[in-house]
Each structure stands twice: as C-alpha cells, then as structure tokens.
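Working notes for the structure below.
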Amino acid sequence: MGHDLQFIARQFRTRGEPVEIAPVPVGHINDTYVVTTWSPAAPGWGTPGTTPEGGGATRYILQRINQIVFTKPVAVMANVVRITEHIRAKLKTECPLFLRQLVVIAAKDGQAYYEDAAGNVWRMYNFIENALTYDSLQDAALAREAARMFGWFQKLLTDLPGPPLHETIRGFHDTPARFVRFQEVFQADAVNRAKTAQAEIDFVFENAALCHVLSDLVARGEIPVRIAHNDAKINNVMFDTSTCAGVCVIDLDTVMPGLAAYDFGDLVRTATCPAAEDERDLSKVAVDITLFDALAQGFVAETGPFLTPAERQHLVFGGQLITFEQMIRFLTDYLAGDVYYKVHRAGHNLDRTRTQMKLVQSILEQEEQMNRLVERALGPEGPGS
C-alpha cells in the first residue's frame, strides 16, 4: 500500500515546505525517509541556505513505526520524547553536542506523532548533519568510541525523572522465557527438524543455567534495573564524518528498563567477531580480544563511576548471556519452521545458531582474560573495590 508522503510530511512542524522525499534503504524495522524542505530567505537576508533566518534547505527524518514489532507506538513515542528531552536538558546549550542530538519534531496538532487515516503512526526527527553510521567495525578505536557512546547514553539517563519507561517489546531480554519457549517448540518439533540440530539442542540444555543468572541477581536486589538501550549495535551510534568522534545514539525504540550488562553484552556479541552472523566457516568465529579490550575501555570510561560491584563483575557474563539468548532465538525459529527471521537459504537459521554457539564457546574459553581486561579498564574502581 502506497502512502502520500508529501501529505504526511506536511503534517509536521517543519521549517519550510517539503520539496523532496527519498527512502532510506537501510534498516529492517521501520520505514524511513529523508525529507528535504525549503523555506525562502527572510527580507534583508542574503543567499539562502546558510542560516535558519536566511532560509534554504532543511533535512528531516520521517519514519513509519512498524506496529507489528511495536504494538504500542504511542507508548514508544512517549518514551522517545522523555529520553530526547532529558538528554538535551542535561547537555544544555554549552555542550558542543547539544545541537547534534535527536529532536522529535511535533505534528501540527502538537502531538509527537501523526496517525494517518489507516492507523499508521508516523514520526519525524531532525536530520543530524555531517554524521554517519557504520555497519561493521573498522578498527579498535571505532570500537572503543562506539562502546563509550553507549556508556555515555546510559550515564545521561541515570537520573531520568518520573515513572519507569514503558516496556516497548515485552520480555525482550527475558532469557528464561526464551528458554521456556524453546522447550515448547523443541517438544512439538512441528516441522521435524530437531534431528538435524541435536548438537545445538544439547548445548542449549547443557548451558540452560546461564539463563537465570542475571534475573536472579535482580530479584535479590544485587543488580539494579536501569535504563538500557537494549539494541547496542555499532550502527546505532552516529559518528562525526571528520573526526570519527561519537555524536549521538539513535534508534531509541527499544530504550526501556533493562540492565547495563545487556548493552555491554550486545556490544560483545555484535562487535568482537569480524565474521558474519551467518558465517558457515566456524573457524572464523571467535572473540577478537583486541576489539573486546577496546569495547571494555570505552564502556567503563563512562559507566565505571556508577556501576555497582555486582554489575562490574557481570559485564563479561552479559556477553555470554546475550549471545546465548540470540542462539536460543535462532534455534527456536529454525525448529518452528523459520517463522520469525527472514531466511535466504535452506538451514539459514541453523547456520546463525551455530555462529552464536561458537561465539558463546569462544567467550567461555576466554572469560578469565576478558574479566581481567574489564578490571584493568576499571582501574581502582574495579570489582570488589
């Protein structure tokens, strides 16, 4: 179904009228477009395009929220408004990054979103100029900066006032629940695939105790629930095009109550192994300890001062858990008949399962060294201090 994008873009309080709308091909969840508007120069001003008062082109990001993934888009937007306004208030105008953070552009009715006649929910952000994202790590320096930005993001939100943020995806990192679902699908074996994944199934059962470690610590009050990004991948950080310094954290739909270890764990899972997530040559799948060291340095540079001893002690475990959780999700989908993740070849989800399994094994094998690197990064604020 097509959308009248010009009409939709005009429902927001942009500067000028939309003159061009181009789709953004990257991203797997929301439909995203770049909207360019044009406003004439005010009388007395020179050539348009140099200052807001002088008129010219302004770019924005327009998105249609995926309401299959995010079933409560109004709650998502309530979270996003609170997060973005709090971050800008913390930075104030004296911080160089103040003008380079996400801002929700209000609709003309004052809401943070526009709902069209078909019930689609749309939103608009400012376009962050002279910044880019990376889909893969280029070097250890980039890894350190990406991790530092996620730590910085958590730090800025430690004092977010008001009630807890809405849970935008129920049970997103509820690993015990993921394990229960896996067992149900395994027992049903509806498409008769269990016999082709016996080693992977055995691995899940043998390591099932991993699922409850962090949730048990939370239940005992030893690890606090914080605001986490919950999708801490390198392509959710924007970097300055000239300096490669972090500018801002984006893709805020999954920001909700979570654990510091979830974000660090996601970084370990997605940024320490150069191999693709569906790599068939498992000899290529292993933690690059140099990249891990960079991630640890960057993350704790911002979070070290406020993390509790138990949180510090479980950062590496976060990498184990999040990787194991993703393995369970891929394996569950494989056994169910590939109903959730898109597949592009026979056994695709099983290939993904095996890469995650190999990565969990690599983390377990290097766990002692990885913990030492975290302690070194923390310095005198390390575990047990």
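The values are calculated or read from the model by the stated rules, or taken from the named source; none is laboratory data. Source: prediction; values computed, not measured. Because the Cβ atoms are built from the backbone with ideal geometry, glycine has one as well, and the counts that use them run over all protein chains shown.
Is it fair to say residue 34 is at pLDDT 95 or above, under 24 Å from the mean Cα position of the chain (by Cα) and closer than 29 Å to residue 254 by Cβ?
Yes: the conditions hold for residue 34.
Each row is one residue, and each column tells you yes or no for (1) in the same structural domain as residue 272 (by TED's automatic domain parsing); (2) within 23 Å of the chain's Cα centre (by Cα); (3) in a helix (DSSP H, G or I); (4) not β-branched (Val, Ile, Thr).
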{"position": "294", "(1), (2), (3), (4)": "yes, yes, yes, yes"}
{"position": "311", "(1), (2), (3), (4)": "yes, yes, yes, yes"}
{"position": "345", "(1), (2), (3), (4)": "yes, no, no, yes"}
{"position": "353", "(1), (2), (3), (4)": "yes, yes, yes, no"}
{"position": "358", "(1), (2), (3), (4)": "yes, yes, yes, yes"}
{"position": "370", "(1), (2), (3), (4)": "yes, yes, yes, yes"}
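How many residues are touching a residue at least 60 places away in the same chain (Cβ under 8 Å) and either in contact with a Leu (Cβ under 8 Å, 6 or more places away or on another chain) or surrounded by 19 or more Cβ atoms within 10 Å (Cβ to Cβ) (or both) if we restrict to segment 65-90?
11
Condition first: over 26 Å from residue 138 (Cα atoms) and touching a residue at least 12 places away in the same chain (Cβ under 8 Å). Can you find one or more residues in segment 226-248 that meet it?
Checked against the condition, which is being over 26 Å from residue 138 (Cα atoms) and touching a residue at least 12 places away in the same chain (Cβ under 8 Å), segment 226-248 yields at least one hit.
Can we say residue 208 is of a type in the set (A, V, I, L, M), more than 26 Å from residue 301 (Cβ to Cβ) and free of Cβ contacts under 8 Å to residues at least 12 places away in the same chain?
So residue 208 does not fit the description; no.
Working carefully through the options 351, 338, find the one that is surrounded by fewer than 23 Cβ atoms within 10 Å (Cβ to Cβ), within 17 Å of residue 200 (Cβ to Cβ) and touching a residue at least 12 places away in the same chain (Cβ under 8 Å).
Exactly one residue qualifies, and that residue is 351.
Tell me, please, whether a residue that is in a loop (DSSP other than H, G, I, E, B) and without any contact (Cβ under 8 Å) to a residue 60 or more places away in the chain can be found in segment 319-326.
No, segment 319-326 contains no residue that is in a loop (DSSP other than H, G, I, E, B) and without any contact (Cβ under 8 Å) to a residue 60 or more places away in the chain.
Condition first: at pLDDT 95 or above, under 30 Å from residue 160 (Cα atoms), under 19 Å from the mean Cα position of the chain (by Cα) and hydrophobic (A, V, I, L, M, F, W, C). Can you find one or more residues in segment 271-290 that meet it?
Among the residues of segment 271-290, not one is at pLDDT 95 or above, under 30 Å from residue 160 (Cα atoms), under 19 Å from the mean Cα position of the chain (by Cα) and hydrophobic (A, V, I, L, M, F, W, C), which makes the answer no.
Out of all the residues in segment 88-141, which are among the hydroxyl-bearing types (Ser, Thr, Tyr), modelled with pLDDT of 95 or more and within 21 Å of the chain's Cα centre (by Cα)?
Hit for segment 88-141 is 125, nothing else.
Please work out which residue is farthest from residue 232 (Cα to Cα), limiting yourself to segment 110-158 and to residues that are part of a helix (DSSP H, G or I) and in contact with a Ser or Thr (Cβ under 7 Å, 6 or more places away or on another chain).
140
Considering only residues that are buried (at least 18 other Cβ atoms within 10 Å of the Cβ) and not in a loop (DSSP other than H, G, I, E, B), which ones fall in segment 163-193?
Matches in segment 163-193: 175, 178, 179, 182, 185, 186.
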